[in-house]
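Take a look at the structure below.
Where a number appears in this text, it was derived from the coordinates with a stated rule and is not lab data. Just so we're clear, the structure is a prediction, and the values are computed from it rather than from any experiment. Methodologically, a virtual Cβ is constructed for each residue, glycine included, from the backbone with ideal geometry; neighbour enumeration extends over all protein chains shown.
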Amino acid sequence: MSVCLSWAARGILAAVLFLPGTVLADRLVTPGEEGLRQAIAAAQPGETLRLPKGRYGSAVVDKTLALLGEPGAVVDGGGQGSVLTITAPDVVIRGLTVSGSGKVETDLDSGILAHKPAARVLIEENQVLGNLFGVAIQGAQAATVRRNHIANRTDLWLNDQGNGINVWDSSGSLFADNVIEGGRDGFYIHTAHGNIIRSNRFSRLRFAVHYMFANDNEITDNISVDNEVGYALMYSENLKVLRNISLRDRDHGLMFHSSRNSQLAYNLVQRTKDKCTFVYTSTRNRIHNNHFEGCEIGIHFTGGSEKNEIYDNDFINNRTQVKYSGMVHYEWSRNGRGNYWSDNPAFDLNGDGVADVAYRPNTLMDQVLWRYPMAKLLLSSPVMETLRVAQNHFPAISPGGVVDSWPLMRPSSQPVAVPADLAEGS
């Protein structure tokens with residue numbers, strides 16, 4: 001009778017272990033080249049593998065497991081392939097230092113590489129250092145990558161370096177609160193729709209954020225500092241680009257190329273060496289309540305960028321507020337509100353907050369200088385002075401370009417606050 005009861009108890013125990021949601025015991029991983037691989041092979045789906053301080057070799061996570069690192073736990077790829085490759089759903093990678101990938105770009109050698117079966121992967125609070133690519137999401141849906149520090153190798157020619165976070169064919173994913181520095185692009189996304197990129201910080205990169213053919217995404221509350229380009233948004237639509245900061249980027253703070261039906265609002269672009277914003281053949285976008293300050297050019301706006309609504313922006317102390325060399329006139333106001341221009345010497349006699357006359361940021365002389373740069377030698381000549389006088393007295397001969405019929409007398413946007421550690425003088 002006691003034997004029968006013993007077998008019954010065993011049956012009940014086995015049934016409980018395989019119930020959905022059953023919590024399995026943690027498994028302690030032994031440091032060493034084979035330790036992690038052996039632990040994964042021996043583990044049951046749903047187990048937690050705890051990695052104490054020490055070094056571990058690269059591994060493929062092909063089961064639903066959680067890999068939790070204690071301080072000093074380092075997974076090193078030894079310069080070959082990807083360090084951690086994930087091919088199972090609901091995997092968790094947390095608290096590890098991941099380094100030493102290979103450098104074959106066509107193989108996407110990465111610190112952490114998640115393939116299509118790795119749905120709902122959670123990658124958080126890791127140090128992903130010295131790899132070709134940092135984290136690569138290749139087809140995995142609903143991924144979460146947050147609170148990681150990613151610093152890729154920079155000893156290769158720029159075009160041979162990898163991206164901090166590389167995303168392809170992923171939807172419903174969240175990329176938040178990561179610090180990314182070094183490498184080619186901080187965040188590169190291609191043909192991936194419906195994702196959120198939020199509150200990341202990017203520095204010492206080519207592009208902080210690089211979009212290609214990625215629709216219905218949100219890019220919010222990110223910081224780009226000291227990169228070549230801040231936010232390069234290309235061949236995409238239905239984007240929400242809100243409350244981002246570009247500080248001291250070299251070429252462009254915001255670059256909008258062949259994109260449409262998107263909203264760019266409440267962003268701060270400051271002290272870009274070339275253009276605060278570059279809008280190229282992009283249509284039907286709303287660009288409003290942005291703060292563009294201290295750049296060589298506030299907005300470089302090209303022909304083919306039709307039917308955009310541009311209003312309630314602040315253009316402050318840019319050497320050239322707007323650069324446009326075509327002959328078409330574009331109205332930059334909406335519902336009786338235009339933009340604020342720091343160089344507009346207008347009056348507001350009725351006190352309604354709107355200047356009494358329209359503002360045109362470009363002149364005939366601008367057109368001449370952009371088309372014929374050597375004309376700078378004639379700036380103080382009688383010919384140039386004649387152009388100035390003629391345009392002032394005969395507005396009908398003004399060149400094509402921006403017309404703001406309702407220029408604002410005071411800044412309208414509330415700039416995003418620059419963190420104290422990035423503020424000038426800190």
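See the values below:
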read-out: Ranking of Trp406, Trp332 by count of other Cβ atoms within 10 Å, fewest first; value: Trp406, Trp332
read-out: Ranked Cys295, Cys276, criterion: other C-beta atoms within 10 Å, fewest first; value: Cys295, Cys276
read-out: Sites Asp343 and Glu34, calculated FRET efficiency, Cβ-Cβ separation with R0 51 Å, nearest 0.05; value: 0.15
read-out: For Asp76, Asp356, order by how many other beta-carbon atoms lie within 10 Å, fewest first; value: Asp356, Asp76
read-out: Whole-number D in µm² s⁻¹ for segment 31-403, Kirkwood Cα-pair radius fed into Stokes-Einstein, 20 °C, 1.002 mPa s; value: 95 µm²/s
read-out: Tail fraction, Cα-Cα pairs, segment 204-290, threshold 23 Å, whole percent; value: 10 percent
read-out: Debye log10 I(q)/I(0) at q = 0.11, 0.18, 0.20, 0.22 Å⁻¹ for segment 142-292, Cα point scatterers; value: -0.35, -0.99, -1.25, -1.51
read-out: Neighbour-limited loop hits for chymotrypsin sites (Phe, Trp or Tyr not before Pro), segment 114-219 (at most 16 other Cβ within 10 Å; DSSP other than H, G, I, E, B); value: Trp157, Phe213
read-out: Distance (nanometres) between label positions extended 7 Å along Cα→Cβ at Ser258 and Asp160; value: 2.9 nm
read-out: Of all DSSP beta bridges in segment 132-277, antiparallel share, percent nearest 5; value: 0 percent
read-out: 31 Å Cα-Cα threshold exceeded, pairs from Lys275/Lys307; Lys240/Lys275; Lys116/Lys275; Lys53/Lys103; Lys103/Lys240; Lys116/Lys307; value: Lys116/Lys275; Lys103/Lys240; Lys116/Lys307
